[in-house]
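Structure first, commentary second.
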Amino acid sequence: MRLIGLLCIGAPLVAAIWPIPTKYTSGTDVLWIDSNVKVDYENPDTGSTSNASQQLVQTAIQRTYKTISDQLFVPWRFHPRFTSFEPSTDNKIFISSIVLKQNSPDVEGFNKPNDTTVDESYQLSVATSGEVKITANSSVGLVYGLTTFSQLFFKHTAGGSYTNLAPVEIQDAPKFAHRGINMDVARSYFPVSDIKRILDAMAQTKLNRFHFHVTDAQSWPLEIPALPELSGKGAYYTGLVYTPEDLKDIQDYARSLAIEPYLEIDMPGHTSSIWFSNPDLVAAFNTQPDWSTYCAEPPCGTLKLNSPAVDDFLEKLFDDLLPRVTEYSSYYHTGGDEVNKQAYLLDDTVKSNDSAVLQPLMQKFVDRNHDQVRKYGLTPVVWEEMLLEWNLTLGKDVLVQTWQSDAAVAQTTEKGYKALAGNYNYWYLDCGLGQWLDFRPESAAGFYPFADYCSPRKNWKLMYSYDPLSGVPADQQHLVVGGECHMWTEQTDSATIDRQLWPRAAAAAEVLWSGAKDEQGKNRSQILASPRLVDFRERLIARGIQAELPHMAFCTQNGTQCAL
């Protein structure tokens, strides 16, 4: 048996589980598996959560069958060329049984968890004789155990699926409770099938939060039955909307993968798309040509900050939307980023950019929203600016999403708030594509070579190096409940989304599950991670997810020859 942390770095193939487990030993014996293997689920739950637990685990079992039967790959990339690396097909020993044992009933709300709800740990044992046992304290832990189990197997060129890693012993648990992707579907619209494919890949990395950034300045693709004109006039085009049925479908699908979906309608800024149906609610709409004075990107527009009509509009919006999300999530994101004070010079209810005037109005605006969010049993989430720039007094239940710096995380926890990490210098997936703005001939030369504001592109190694706890004192680190990587879509659509997300988002997923540091307190080795990430990418490709290639086959076929 061997410990993965001590594997020879020149080995052509490591035990390729992503994210890396807390404790993991494996051997070199071969076991085969087929779709007839019996799976027994021992569930002590007979209470109110029993049906939901059963459904979650049964769906995971079916998904594991499909993965092992149809979605594996031949691992030729990980062996020297033209060597015989596949096991003999003679005298096969098969996985004979799989036992899933849940030690205790699921707690109420396990399928829409907050940062303390669910024990996600699991243990996995694969004996050389073919017996498999996965033990966990929750149904979610069993789901993760099955995901890890499926990653032990490869496709054989002669047919069938095998692992050459038995016996296996794994004890595993996440470092952070909140492990997410923030997906912008307003700059570019993505069909439900795209979103489900993203959720599928997330499940393989044990990411567990899908932050659905569903509206923004450029479009309003979310259908609100009580306010049909919002998407009717604010969507890019007829049909490029998420109907109530679509939203339910997405939320149901996420839940079936042990992923909690939560929505964001950003406000008061980033709301220009409301103008198309309700122009009286929006100030500074599409101010030209000096739009950069009033907003971060065109078209400008912010909800008026002292308007009873805005309050009435939000009351109606939330009363329609929040009952349809509270079943699936403990959270609702009320936004609050990049609010430009200059825009309120053009707000006829304010006519000022003075912080002394604006701050109490913003406090009232956010308090109104958060009171209504809490009325539906949801925990508010805000962007860091509401706390750190606007100096609002927020309820201690509020989760603060940071994005601008490591210092922002530390400042948030210092004030006693729970924080999400996601420094744009590391975890913004849209960076490095160059400017999407066009420049007039007379000024273009000054912007050469037209890099975007957050260039360069954040490659997987940079994302892997990010520590969400950097700069946070030890006695405050418990307040960093997790983090998210961010997919803003000014230059990304259905044709490119897979390669923009994967496998780079998997690098963030391993940091959030396993921690940025190894057992010796050092940054995790790229050399050890690299072949595992390539392996994981092959698993995504086998699932129909067009993930980009971290590096060429020569590198994985030749140990550490590509290390510098």
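Quick note: the coordinates plus some simple rules give every number you see, no bench work behind them. Everything numeric in this text was worked out from a predicted model, so none of it was measured. When we count neighbours, we look across all protein chains shown, and the Cβ atoms used for this are built from the backbone with ideal geometry, even at glycine.
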Next item on the list: At a Cα cut-off below 21 Å, give the lysines reachable from Lys415, other chains included and same-chain residues fewer than 8 away excluded.
Entry: Lys364, Lys396
Check: Over all directions, what mean area does the Cα convex hull of the chain project, stated in square nanometres?
Finding: 26.9 nm²
Item checked: Per residue, the convex hull volume that the Cα atoms of the range 178-514 enclose (Å³) -> 134 Å³
Next item on the list: Work out the P(r) tail for the range 505-564: percent of alpha carbon pairs separated by more than 14 Å, whole number.
Entry: 61 percent
Next item on the list: Note down the net charge around Val99, summing +1 for each Lys or Arg and -1 for each Asp or Glu among other residues with Cβ under 12 Å from its Cβ.
Entry: 0
Note to self: Using only Cα atoms and rounding to the nearest 10 degrees, what angle (0 to 90) does helix 192-205 make with the longest principal axis of the chain?
What the structure shows: 50 degrees
Note to self: Please compute the alpha carbon radius of gyration of the range 129-233, then divide it by the globular-protein estimate 2.2 N^0.38 Å. Two decimals is fine.
What the structure shows: 1.55
Margin query: P(r) for the range 167-215, please, calculated from all Cα pair distances in 5 Å bins and given in %.
Written below: 5, 17, 24, 20, 13, 8, 6, 3, 3, 1
Next item on the list: Taking the dipole about the Cα centre of the chain, with the C-beta of Lys and Arg at +1 and of Asp and Glu at -1, give me whichever of Thr287, Leu533, Leu462 is farthest to the positive side.
Entry: Leu533
Margin query: Between helix 139-150 and the chain, what is the angle of the helix's C-alpha long axis to the longest principal axis, kept within 0 to 90° and rounded to the nearest 10?
Written below: 60 degrees
Notebook entry, point to check: Hey, got the dipole for the range 178-514? About the Cα centre, +1 on K and R Cβ, -1 on D and E Cβ, debye to the nearest 20?
Noted result: 660 debye
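If you take the alpha carbon radius of gyration of the range 226-316 and divide it by 2.2 N^0.38 Å, what ratio comes out, to two decimals? Mind dumping the intermediate values first?
On the way: Rg = 15.6 Å, N = 91, 2.2 N^0.38 = 12.2 Å.
Its radius of gyration relative to the 2.2 N^0.38 Å reference: 1.27.
Hey, with R₀ at 45 Å, roughly what FRET efficiency would Leu462 and Val37 work out to, going by the Cβ-Cβ distance, to 0.05?
Once rounded, the FRET efficiency stands at 0.65.
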Next item on the list: Evaluate Rg over Rh across the range 422-482, taking Cα atoms for both radii and Kirkwood's formula for Rh.
Entry: 1.20
Notebook entry, point to check: What is the magnitude of the charge dipole of the chain about its Cα centre, with +1 placed on the Cβ of each Lys and Arg, -1 on the Cβ of each Asp and Glu, and no other charges, expressed in debye to the nearest 20?
Noted result: 1760 debye
Notebook entry, point to check: Packing-wise, with mean Cβ within 10 Å as the measure, how do 551-560, 79-88 rank, highest first?
Noted result: 551-560, 79-88
Next item on the list: Quote the FRET efficiency, to the nearest 0.05, computed for Asp246 versus Asp280 with a Förster distance R0 of 25 Å and r equal to the Cβ-Cβ distance.
Entry: 0.30
Notebook entry, point to check: Of the cross-linked pairs Lys155/Lys461; Lys38/Lys133; Lys112/Lys233, which ones have a Cα-Cα span greater than 21 Å in the structure shown?
Noted result: Lys155/Lys461; Lys112/Lys233
Next item on the list: Name the residue farthest towards the positive end of the dipole of the chain from the options Pro174, Tyr242, Pro323, assuming +1 on Cβ of Lys and Arg, -1 on Cβ of Asp and Glu, about the Cα centre.
Entry: Pro174
Check: So what's the angle, to the nearest 10 degrees on a 0 to 90 scale, between helix 504-514 and the longest Cα principal axis of the chain?
Finding: 70 degrees
Notebook entry, point to check: Taking θ as phi - 60°, what are the ³J(HN,Hα) couplings along the range 412-420 by the Karplus curve (6.51, -1.76, 1.60), each to the nearest whole Hz, with x for Gly and Pro?
Noted result: 5, 5, 4, 7, x, 9, 6, 10, 10
Notebook entry, point to check: Which three lengths, in whole Å and largest first, does the range 2-174 cover when its Cα atoms are put on their principal axes?
Noted result: 56, 34, 25
